[in-house]
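S.K.: The structure is given below, and queries will be raised subsequently.
The values are calculated or read from the model by the stated rules, or taken from the named source; none is laboratory data. Note that the coordinates shown come from a computational prediction; the quantities given were computed from them, not determined experimentally. Using ideal geometry, Cβ is built from the backbone for each residue, glycine included, and neighbour counts are taken over all protein chains shown. All accessible areas refer to the heavy atoms of the entire protein, side chains included, with ligands and DNA or RNA removed. Shrake-Rupley method; radii C 1.70, N 1.55, O 1.52, S 1.80 Å.
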Amino acid sequence: MRVNVITLGCSKNLIDSERVLKLFEDAGIEAVHEAPHANGDIVVVNTCGFIGDAKEESINTILEYAEAKNDGLIDALYVMGCLSQRYADDLPAEIPEVDKWYGKFDWLQIVSDILSVSNENAKYDRVITTPPHHAYLKIAEGCNRFCAFCAIPIITGRFTSRSIEDIVEEVKTLVSRGVKEFNIIAQDLSSYGLDLYGEMKLAELVDTLADIPGVKWLRLHYAYPSQFPMDILDVMARRDNVCKYLDIALQHINDKVLDNMRRHITSQETHELIGEMRRRVPGLHLRTTLMVGFPGEGEDEFNELLEFVKEAKFERMGAFAYCEEDDTYAARHFEDNITDDVKQDRLSQIMAAQEQIALDLNEAKIGQTIEVIIDREEEDYYVGRTQWDSPEVDPEVLIEKDYELEIGEFYDVVIKLAMPFELIAKIAD
Ligand code: SF4
């Protein structure tokens, strides 16, 4: 028997898949991640269900394996994750080839159902599917923010923090297995601890993790701007192994649009927050996510957003066009009346402005000596990242092959050339 786990969606989903892999491994079953399917495999598809394109990809992947099952190429097909959580009532009838459906929280059951063993007391553990020197670290699940456009709270339920003790134990285990870089994630990092400790504990958590020997880089993702835990900024400034990097989705800057989005923050508060962050954490690189085409965004509101991008000069930025999601506040209260053409045009204006900013900021790094971690070797270059580059979403550094370098090790490099989303470097003498 071999179990092949397929992960769709975000890094939070990836961790769930890694835990499933570990449970099978601990039960003595060969478990692989996203291998080409082999005859007789048991396939587990971990789905994403928060937005149109992601839902479509999940459905198509399930159908692909349903066909493989009908052709006798795989033995069994199990589905888990956000799509099956969200559409638990409809999917079984639509795709009867699936042996069993699990949601976002009951997937531990998969192993006991397949192997008829109980794993009630299974330890929180996982197989690392990312390169062995870096791993995602999920500190909480769920979200209480209910932004107007977002279906995630409907899928993941209330915000639930993991205890500091549990997270520390996991990090110590992963360090002992060679992980040096931890990308800290949740749906809403800012609220960490509020539910469990009655107060925001992100700063205390990160300070504690930074004390663990062997933790080389801690990087923060998915912060929320309203009620932001300002004390984390001092930890970021003070601790060398906490990356001067913060991923914080702002979505928009116009007051009316922010209000329609139910983001609980104003344009002025956003400007003040960014100013304070940059003042208290020298060298801070901000990654943000913006949305165009939300109902109520006229030409003036969009131009305000475009000016904001040019003025704020985010080091890293992603942007998306609004996509109406069923059962969300926006779907119930607003008409999605901005055409796709207008949305795409606004998106390309934002991304064009950002590309120039990214190039200017990267060119300013030419001649600097910067520490990188080596992720992989390619024909002409080693590929690495700085503390300001999160895996898979941010720029990479291409390092000339003057010396033999070790994957997963840190080196100082000198930046020689800059492109908008890439740097060329050589090993510092
Ligand atoms: S904070 Fe993020 S996950 Fe939560 S509702 Fe808003 S967009 Fe969705």
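S.K.: Quick one: in segment 168-187, of everything that is in a helix (DSSP H, G or I) and buried (at least 17 other Cβ atoms within 10 Å of the Cβ), which residue is farthest from the ligand (Cβ to nearest atom)?
M.R.: So the residue we want is Val175.
S.K.: A further question follows. Going by the structure shown, is Ile248 touching a Phe, Trp or Tyr at 6+ places or on another chain (Cβ under 8 Å), among the β-branched types (Val, Ile, Thr) and either assigned by TED's automatic domain parsing to the domain that holds Pro395 or closer than 23 Å to Gln354 by Cβ (or both)?
M.R.: It is true that Ile248 is touching a Phe, Trp or Tyr at 6+ places or on another chain (Cβ under 8 Å), among the β-branched types (Val, Ile, Thr) and either assigned by TED's automatic domain parsing to the domain that holds Pro395 or closer than 23 Å to Gln354 by Cβ (or both).
S.K.: Name the single residue that is farthest from Tyr65 (Cα to Cα) among those in segment 86-122 being part of a loop (DSSP other than H, G, I, E, B) and in contact with a Lys or Arg (Cβ under 9 Å, 6 or more places away or on another chain).
M.R.: By that ranking, first place goes to Ala122.
S.K.: Among the residues of segment 26-63, which ones are outside any helix (DSSP H, G or I), surrounded by 17 or more Cβ atoms within 10 Å (Cβ to Cβ) and out of contact with any helix residue (DSSP H, G or I) (no Cβ under 9 Å at 6 or more places or on another chain)?
M.R.: Selection gives Ile51 alone.
S.K.: Just a yes or no: is a residue in segment 151-167 away from the ligand (no atom under 16 Å from the Cβ), among the β-branched types (Val, Ile, Thr) and part of a loop (DSSP other than H, G, I, E, B)?
M.R.: no
S.K.: Scan the helices (runs of 4 or more DSSP H) fully inside segment 230-332 and keep the ones with 1 or more residues being over 24 Å from Ser191 (Cβ atoms).
M.R.: Fully inside segment 230-332 and qualifying: 255-260, 299-312.
S.K.: Take segment 114-150 and flag every residue that is within 11 Å of the ligand (Cβ to nearest atom), buried (at least 18 other Cβ atoms within 10 Å of the Cβ) and among the aromatic types (Phe, Trp, Tyr).
M.R.: Listed by number, the list holds a single entry, Phe149.
S.K.: Suppose we filter segment 227-242 for residues that are without any contact (Cβ under 8 Å) to a residue 40 or more places away in the chain and within 16 Å of the ligand (Cβ to nearest atom); how many remain?
M.R.: 2
S.K.: For segment 64-109, give me each residue that is open to solvent by 80 Å² or more (accessible area, probe 1.4 Å) and either over 26 Å from the mean Cα position of the chain (by Cα) or within 20 Å of Gly9 (Cα to Cα) (or both).
M.R.: Once the filter is applied, which keeps residues that are open to solvent by 80 Å² or more (accessible area, probe 1.4 Å) and either over 26 Å from the mean Cα position of the chain (by Cα) or within 20 Å of Gly9 (Cα to Cα) (or both), segment 64-109 yields Glu64, Glu67, Asn70, Asp71, Asp75, Asp89, Ala93, Glu94, Pro96, Lys100, Phe105.
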